[in-house]
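S.K.: Submitted below is the structure of interest, expressed as structure tokens.
The values are calculated or read from the model by the stated rules, or taken from the named source; none is laboratory data. Just so we're clear, the structure is a prediction, and the values are computed from it rather than from any experiment. Glycine gets a Cβ as well: all are built from the backbone with ideal geometry, and neighbour counts include every protein chain shown.
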Amino acid sequence: MAIDLQDTITAIASPPGPADRGIVRVSGPDTQAIVQQLFASDDSEQAWKSTRLPHRWPGSLTLPDFCRSLPCHLLFWPTTRSYTGQIMAELHLIGSTPVLEAVTESLCQAGARLAGRGEFTLRAFLSGRIDLLQAEAVNEVIHATDHEELQTALSQLGGGITSRLLQLRADLVALIGDLEAGLDFVDEDIEFISAEEVGLRIQRAVSLVSSLATDSAESHPAGYRRRVVLAGQPNAGKSTLFNRLAGEELAVITEVPGTTRDFVSTVIKRHRTEFELIDTAGLEEFRDQIEQQSQTFRQQQSATADLLIWCRSAALSESEQRADESMRLQCLRPNQNCFTVITQCDRSEATLIPSEAGDTLQISAVTGAGTEQFEQQLISILKDRGQARSELLATSSVRCRESLRQALQALETAAAACSQQLGDELISLELRTALRQLQSILGEIYTDDLLDHIFSNFCIGK
Ligand SMILES: Nc1nc2c(ncn2[C@@H]2O[C@H](COP(=O)(O)OP(=O)(O)OP(=O)(O)O)[C@@H](O)[C@H]2O)c(=O)[nH]1
Ligand SMILES: [Mg+2]
């Protein structure tokens, strides 16, 4: 995208189709010179041309191909204190598509250029009126499909998350300053800030970034169906449980360990909650190419699960249970949602424990014992996850996910360096990495390709 802020741009800013009122927007240094070729205000002095304050001016538009002038209100921002950070005008007139098209055409003949997608908001961003998170929110406010989405978009547009990130950025800059000032006096044993305070300030940063990182990792576009993956050792009873939940015999079940090779998936609907349930091969060492492929499938499905159900057979001995627990941990990705279910409980002497006892439930997919409780728990976990309102919009989450992860990693390394007294130089280096990631989240560091990607999803006129 070639970015030229010296061009004066114009576009229809109201939705397509007939309406009582339509809006044509103009922004750029020649706005006044261009608009005055078409517009005359009702006052004989044409005061709008000399004012320094934004104002609404009633008047009329004269277009070359129209025999009569059109009633029109001009909203004029004569300085850079406008949405785009440039001189800006809006012509509010009758919402007829041919009229609005004729107005933009005449404005182009008078020296403007047709704006590209999102170019007004792009200018707002480039002039520093809004940051990238707010720019993304503009589009989401327009396209919000429900109240929840609108609330998140409005809060992000209003700078809710931005102000917290700016505060964090300021804290990091100050902390780096304190640490690096001390480096110059290291021989004289002058300490600008105590190690305890450094640790506390890093922890504050970790807690904000880690909650945003979790938020963004779990954020999905509207209509996303969550994925629940059954995992565990061979013969743990995964496929039996899968078939019970599916209500039909979809997966092959045998007493031979390693029966499931490909993964099997089905969509389950319960109490207005819909999710995808996936049965995978048991976790084990592979001995041939087929097993290797099954393990790859299993690993891919587990890694992308929103919720992992770890199936552990009640028939395992205590030491086998401990080994099974380390396999579960090996299978989980960091911060992944998981709960363990003790399967085949009819094969063991153990008595059933009630669900309130934690996230470990005993069931038998053969007799049906505990399966109702299990389903209820599953649904309530999915509902909780679905209702947790994210602070970041899905589009921003996707863009910022990697930056948040790297920022968190750098902050955690800085915290560890601090507690192990590895030196201020190392801490400061990590904090600088975190700071760079924050800057790209806020859009202080960007590439033209990134801007192109974000603003190409906007409509023209916004
Ligand atoms: N008694 C009893 N047997 C069960 C139960 N669940 C599964 N089984 C039996 O355990 C064996 C293995 O069950 P599967 O469902 O195939 O186990 P899996 O975890 O899918 O096994 P792999 O596909 O090999 O990883 C079969 O013979 C099942 O009939 C249960 O709740 N009670
Ligand atoms: Mg199976």
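S.K.: I'd like to know if the stretch 402-413 contains one or more residues that are over 25 Å from the mean Cα position of the chain (by Cα), hydroxyl-bearing (Ser, Thr, Tyr) and either crowded, with 19+ Cβ neighbours inside 10 Å or assigned to a helix (DSSP H, G or I) (or both).
M.R.: No, the stretch 402-413 contains no residue that is over 25 Å from the mean Cα position of the chain (by Cα), hydroxyl-bearing (Ser, Thr, Tyr) and either crowded, with 19+ Cβ neighbours inside 10 Å or assigned to a helix (DSSP H, G or I) (or both).
S.K.: From (1) surrounded by fewer than 18 Cβ atoms within 10 Å (Cβ to Cβ); (2) in contact with a Lys or Arg (Cβ under 9 Å, 6 or more places away or on another chain); (3) touching a residue at least 60 places away in the same chain (Cβ under 8 Å), pick out the condition that doesn't hold for Asp171.
M.R.: Asp171 satisfies every listed condition except (3).
S.K.: Right, Thr254: in a loop (DSSP other than H, G, I, E, B), within 10 Å of ligand 2 (Cβ to nearest atom), buried (at least 17 other Cβ atoms within 10 Å of the Cβ) and hydroxyl-bearing (Ser, Thr, Tyr) or not?
M.R.: Working: in a loop (DSSP other than H, G, I, E, B): yes; within 10 Å of ligand 2 (Cβ to nearest atom): yes; buried (at least 17 other Cβ atoms within 10 Å of the Cβ): no; hydroxyl-bearing (Ser, Thr, Tyr): yes.
Criteria not met by Thr254.
S.K.: Next question, about the same structure. Restricting attention to the stretch 269-278, and to residues there that are in a strand (DSSP E or B) and more than 23 Å from Asn235 (Cα to Cα), which single residue is modelled with the lowest pLDDT?
M.R.: Checking each candidate, the answer is Thr273.
S.K.: Also, quick follow-up: Being away from ligand 2 (no atom under 15 Å from the Cβ), surrounded by 12 or more Cβ atoms within 10 Å (Cβ to Cβ) and either more than 35 Å from the chain's Cα centre (by Cα) or outside the structural domain of Ser239 (by TED's automatic domain parsing) (or both) is the filter here, so list the residues in the stretch 277-302 that pass it.
M.R.: Phe286
S.K.: Follow-up question, since we're still on this one. What's the number of the condition Phe242 fails, among (1) in contact with a helix residue (DSSP H, G or I) (Cβ under 9 Å, 6 or more places away or on another chain); (2) surrounded by 24 or more Cβ atoms within 10 Å (Cβ to Cβ); (3) hydrophobic (A, V, I, L, M, F, W, C)?
M.R.: (1)
S.K.: If you don't mind, there's one more thing I want to ask. Scanning for something over 25 Å from Leu172 (Cβ atoms), in a helix (DSSP H, G or I) and at pLDDT below 95, does the stretch 199-214 turn up at least one residue? If you could, list the steps in order and put the result at the bottom.
M.R.: Restricting attention to the stretch 199-214, the residues satisfying the condition of being over 25 Å from Leu172 (Cβ atoms) are none.
No: zero hits.
S.K.: Right, here's the next one. Kindly indicate whether any position in the stretch 406-425 is among the hydrophobic types (A, V, I, L, M, F, W, C), over 17 Å from Gly116 (Cβ atoms), touching a Cys at 6+ places or on another chain (Cβ under 6 Å) and at pLDDT 80 or above. Working first, answer last.
M.R.: The first filter runs over the stretch 406-425 and keeps only residues among the hydrophobic types (A, V, I, L, M, F, W, C), leaving 407-408, 410-411, 414-418, 422.
Going one step further and asking which of them are over 17 Å from Gly116 (Cβ atoms), we end up with 407-408, 410-411, 414-418, 422.
Retained after the next criterion (residues that are touching a Cys at 6+ places or on another chain (Cβ under 6 Å)): none.
No, because not a single residue in the stretch 406-425 is among the hydrophobic types (A, V, I, L, M, F, W, C), over 17 Å from Gly116 (Cβ atoms), touching a Cys at 6+ places or on another chain (Cβ under 6 Å) and at pLDDT 80 or above.
S.K.: Filter the stretch 9-33 down to residues that are surrounded by 15 or more Cβ atoms within 10 Å (Cβ to Cβ), under 16 Å from Ala102 (Cβ atoms) and of a type outside the set (Gly, Ala, Ser), then give me how many there are.
M.R.: 6
S.K.: Follow-up question, since we're still on this one. Of all helices (runs of 4 or more DSSP H) completely enclosed by the stretch 68-171, which ones contain at least 1 residues that are at pLDDT 90 or above? Spell out how you get there, then give the answer.
M.R.: Numbers: elements: 97-109, 119-126, 132-143, 147-157.
Per the criteria, 97-109, 119-126, 132-143.
S.K.: Considering Gln36, Gln6, which residue is in contact with a helix residue (DSSP H, G or I) (Cβ under 9 Å, 6 or more places away or on another chain) and surrounded by fewer than 20 Cβ atoms within 10 Å (Cβ to Cβ)? Steps first, answer last, please.
M.R.: Numbers: Gln6 fails: in contact with a helix residue (DSSP H, G or I) (Cβ under 9 Å, 6 or more places away or on another chain).
When all the criteria are applied, what remains is Gln36.
S.K.: Taking Leu245, is it within 16 Å of ligand 1 (Cβ to nearest atom), modelled with pLDDT of 90 or more and not in a loop (DSSP other than H, G, I, E, B)? Walk me through it before giving the result.
M.R.: Details: within 16 Å of ligand 1 (Cβ to nearest atom): yes; modelled with pLDDT of 90 or more: yes; not in a loop (DSSP other than H, G, I, E, B): yes.
When the stated conditions are applied, Leu245 passes them.
S.K.: Give the stretch 257-276 a look and list any residue that's within 16 Å of ligand 1 (Cβ to nearest atom) and either closer than 15 Å to Val229 by Cα or surrounded by 14 or more Cβ atoms within 10 Å (Cβ to Cβ) (or both), or say none. Full working, then the answer.
M.R.: Within the stretch 257-276, the first condition is being within 16 Å of ligand 1 (Cβ to nearest atom), and the residues that meet it are 257-266.
The answer is Gly258, Thr259, Thr260, Arg261, Asp262, Phe263, Val264, Ser265, Thr266.
S.K.: Is the stretch 84-95 home to any residue that is buried (at least 23 other Cβ atoms within 10 Å of the Cβ) and not hydrophobic (A, V, I, L, M, F, W, C)?
M.R.: Just the residues of the stretch 84-95 that are buried (at least 23 other Cβ atoms within 10 Å of the Cβ), to begin with: 84, 86, 88-89, 91.
Narrowing further to those that are not hydrophobic (A, V, I, L, M, F, W, C): 84, 86.
Yes, the stretch 84-95 contains a residue that is buried (at least 23 other Cβ atoms within 10 Å of the Cβ) and not hydrophobic (A, V, I, L, M, F, W, C).
S.K.: Do you know which residues across the stretch 283-309 are more than 11 Å from ligand 1 (Cβ to nearest atom) and either in a strand (DSSP E or B) or of a type in the set (Lys, Arg) (or both)?
M.R.: Arg287, Leu307, Leu308, Ile309
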